[in-house]
1. Take the conditions part of a strand (DSSP E or B) and either more than 20 Å from GLY213 (Cβ to Cβ) or aromatic (Phe, Trp, Tyr) (or both) and apply them to SER158. Does it pass?
2. Only one of VAL195, VAL240, VAL180 is of a type in the set (A, V, I, L, M, F, W, C), in contact (Cβ under 8 Å) with a residue 40 or more places away in the chain and touching a helix residue (DSSP H, G or I) at 6+ places or on another chain (Cβ under 6 Å); which?
3. Strands (runs of 3 or more DSSP E) wholly in the range 81-144 with at least 3 residues that are of a type outside the set (S, T, N, Q), in contact with a Lys or Arg (Cβ under 8 Å, 6 or more places away or on another chain) and free of Cβ contacts under 8 Å to residues at least 40 places away in the same chain - which ones?
4. Restricting attention to the range 154-173, which residues are surrounded by fewer than 17 Cβ atoms within 10 Å (Cβ to Cβ) and either within 24 Å of the chain's Cα centre (by Cα) or in contact (Cβ under 8 Å) with a residue 24 or more places away in the chain (or both)?
5. Does VAL176 count as part of a helix (DSSP H, G or I), within 26 Å of the chain's Cα centre (by Cα) and within 20 Å of ARG138 (Cβ to Cβ)?
Amino acid sequence: MNVSTLPDPDVLSLPEPPGRRTRRRVLWWAGGVLAALAALVVVLLFSPLLAITSIEVRGNDLADTTALQEALAPLEGTPLPRVSPSTVRELLAGQPAVEDVVVQAEAPSTLKVEIIEYQPVALVAAGKRFDLVGEGGRRLASVAKRDAAELPLISGVSPDEAPEVFDTVTRALAAVPADVLTQLESAGARTIDSVELRLASGQTVVWGNDEDGAQKGQVLAALLAAGTPEGQDEAKVIDVSSPDHPVTR
């Protein structure tokens with residue numbers, strides 16, 4: 001027995017609701033846009049049209065430009081969109097002066113890398129040369145002469161024999177305001193609680209430990225700015241180890 005599949009002439013075919021048609025068109029359009037975006041992402045990530053052929057490094061004073069460019073050389077040929085700041089930081093991990101980077105892509109093939117360096121706070125003798133060191137005793141670079149930087153020379157404490165004391169001295173120096181830091185001649189300590197600084201004027205600053213460093217720095221700067229009252233001798237010792245109660249004598 002055959003069953004007819006012909007449409008029933010008595011059944012009306014109703015038109016599709018306008019809202020449904022609109023939704024379907026929106027879905028088709030959205031799908032097309034997503035597909036186009038996906039294709040664009042693939043092109044950007046893998047296309048040789050955006051491959052790096054030039055790397056520009058700037059902002060560095062301590063780190064050697066040639067060494068930085070050599071460290072970044074593996075990026076040449078990589079499409080720009082595939083290079084992230086973390087990728088650049090990993091390649092520069094062996095550069096002790098580099099703290100962070102800012103990466104900028106310049107189409108079609110140039111990568112610009114802005115170097116942010118650790119700030120040196122002192123010098124330490126290293127054979128016939130001098131190492132620039134940052135907060136925490138980090139060695140940043142080497143210079144040939146003592147007067148290559150207007151920074152205090154750490155003496156009387158060895159970073160190898162007493163690393164904790166040495167690091168304490170550098171943390172204390174990191175808290176000294178920049179305009180005062182350039183006035184210091186030397187710094188040292190016997191223990192982590194006995195940091196002393198010597199000004200180029202010959203005055204001694206008793207700093208103590210590295211606690212309340214910011215406050216000690218502000219107090220020291222204020223005392224130096226105030227100068228010596230008329231009719232009084234210049235203080236030989238400035239004690240800011242208790243910054244709420246500084247003493248000069």
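No lab work stands behind these numbers, since they all come straight from the coordinates. If you're wondering where the values come from, they're calculated on a predicted model, not measured in any experiment. Here the Cβ is made from the backbone with ideal geometry for all residues, glycine too, and neighbour counts use every protein chain on show.
1. No.
2. Being of a type in the set (A, V, I, L, M, F, W, C), in contact (Cβ under 8 Å) with a residue 40 or more places away in the chain and touching a helix residue (DSSP H, G or I) at 6+ places or on another chain (Cβ under 6 Å) holds for just one of VAL195, VAL240, VAL180, which is VAL180.
3. Result: 98-106, 129-134.
4. SER155, GLY156, PRO163, GLU164
5. The answer is no for VAL176.
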